[in-house]
Structure formats: C-alpha cells, structure tokens
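Reading through the structure tokens given below for one structure.
Here, each number is a calculation from the coordinates, and none is a lab measurement. Here the structure is a predicted model, which is why all the values come from computation and not from measurement. All Cβ positions, glycine included, derive from the backbone under ideal geometry; neighbour counts span all protein chains shown.
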Amino acid sequence: QVQLAESGGGLVQAGGSLRLSCAASGLAFSSYKMGWFRQDPGKEREFVAAISWSGGSTYYADSVKGRLTISRDNAENTVYLQMNSLKPEDTAVYYCAAGSGGSPYRWVSAYRYWGQGTQVTVSL
C-alpha cells in the first residue's frame with residue numbers, strides 16, 4: 001500500500017519560511033519522479049515543483065522560481081520543499097505526488113499517487 005505523508009505546513013508571516021516534507025512508503029521511491037502541487041478552495045490543483053527520480057533535474061512554476069526549492073533524499077524516501085520569501089498568494093493546501101517515468105513533470109495526470117495535503121497559510 002503506497003502512502004505519501006506530508007508535514008511541515010502551518011501559519012507564517014509574509015517573508016517567512018517553511019519546509020515541507022513528504023515521507024513515502026510502499027513504493028520504490030528512488031524510481032519515481034516526485035512533485036509538489038497546491039490547491040486553493042474552488043480552484044484547480046496547480047503545479048509547484050518537481051524533481052526527477054535521481055534528483056538531477058528540477059522544475060518549477062514561474063510563480064515560485066527563486067523562492068522555493070525541491071530536493072529529495074532517496075535513502076530516507078523523502079522529498080522536501082523549502083519555501084522562502086513566502087507571499088500571501090502562496091496560501092494553499094500543498095500536496096506531494098509520485099509518478100513513474102520522466103516527463104511530463106507539470107501535469108496532474110502524470111502522477112499516480114498523492115498525499116493528503118498540508119495547509120500553508122501566509123499572513124500579511
């Protein structure tokens with residue numbers, strides 16, 4: 001049974017930082033690309049960042065480039081999202097996802113397994 005468990009969300013002031021973690025179990029983690037997506041109520045889930053199975057390639061949405069960094073530790077079966085210089089518009093539920101193969105990285109449909117999500121709220 002595949003499980004993806006996000007943690008690290010919370011309430012932070014604008015300009016602050018958070019580090020999200022996603023612990024994976026029940027799958028060959030080092031064989032999967034990993035992605036972070038976010039969703040506001042009433043909106044579609046949107047791509048935030050992704051990383052290849054080896055960690056050698058990373059991809060970011062334009063809105064987060066330079067502020068958020070995705071990384072992974074294949075020995076620990078964990079993917080991270082370091083979030084710096086947070087803005088109120090970053091407020092959303094953040095989901096991690098696992099998908100087989102390479103590209104595409106930015107599509108929701110490219111990922112088979114999803115976590116339950118963690119809330120990130122950025123206040124002014």
Item to check | Qualifying trypsin sites (Lys or Arg not before Pro) in segment 44-74, DSSP loop, other Cβ atoms within 10 Å at most 11 | outcome: 65
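Assign unit charges at the C-beta atoms only (+1 for Lys and Arg, -1 for Asp and Glu), then state the dipole size of the chain relative to its Cα centre in Debye, rounded to the nearest 20. Show your work: numbers first, answer last.
Working: 11 positive and 9 negative charges, 32 e Å.
About 160 debye.
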Item to check | Cβ-based charge dipole, the chain, positive-most Cα from 54, 1, 91 | outcome: 54
Checklist entry - At what distance in nm do the modelled label points of residue 31 and residue 67 sit from each other, each positioned 7 Å from its Cα along Cα→Cβ? => result 3.7
Item to check | Per-q log10 I(q)/I(0), segment 35-89, q = 0.14, 0.21, 0.26 Å⁻¹ (Debye; single scatterer per alpha-carbon; no solvent) | outcome: -0.40, -0.82, -1.10
Checklist entry - Considering only the other residues whose Cβ falls under 12 Å of the Cβ of residue 93, what net charge follows from Lys and Arg at +1 and Asp and Glu at -1? => result -1
Checklist entry - Under the Karplus relation 6.51 cos²θ - 1.76 cosθ + 1.60, θ = phi - 60°, what is the ordered set of whole-Hz ³J(HN,Hα) values for segment 63-76, x standing for Gly and Pro? => result 5, 10, 4, x, 10, 10, 10, 9, 8, 9, 10, 5, 6, 9
Checklist outcome for this item: Sorted by chain and then number, the residues having a modelled amide H within less than 5 Å of the amide H of residue 117, at least 5 places away or on another chain, are 6, 96
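Over the chain, what is the relative contact order in percent, taking alpha-carbon pairs closer than 8 angstrom and at least six residues apart? Display every interim value, and only then the final one.
Values: 311 pairs, mean separation 43.8, N = 124.
Computed over the chain, the figure is 35 percent.
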Checklist entry - Going by average Cβ neighbours within 10 Å, how do the peptides 111-122, 51-62 rank, with the highest at the top? => result 111-122, 51-62
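Taking 25 Å as R0, compute the FRET efficiency from the Cβ-Cβ separation of residue 112 and residue 44 and round it to 0.05.
On the way: r = 19 Å, r/R0 = 0.74.
With R0 = 25 Å, the Cβ-Cβ based efficiency is 0.85.
Quick one: longest stretch of the chain between exposed loop GluC sites (Glu not before Pro), exposed meaning at most 13 other C-beta atoms within 10 Å and loop per DSSP? Spell out each step's value before the answer.
Numbers: sites that count: 44, 76.
Longest stretch, sites excluded: 77-124.
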Checklist entry - How long is the chain along each principal axis, judged by its Cα atoms, biggest number first, in Å? => result 40, 28, 23
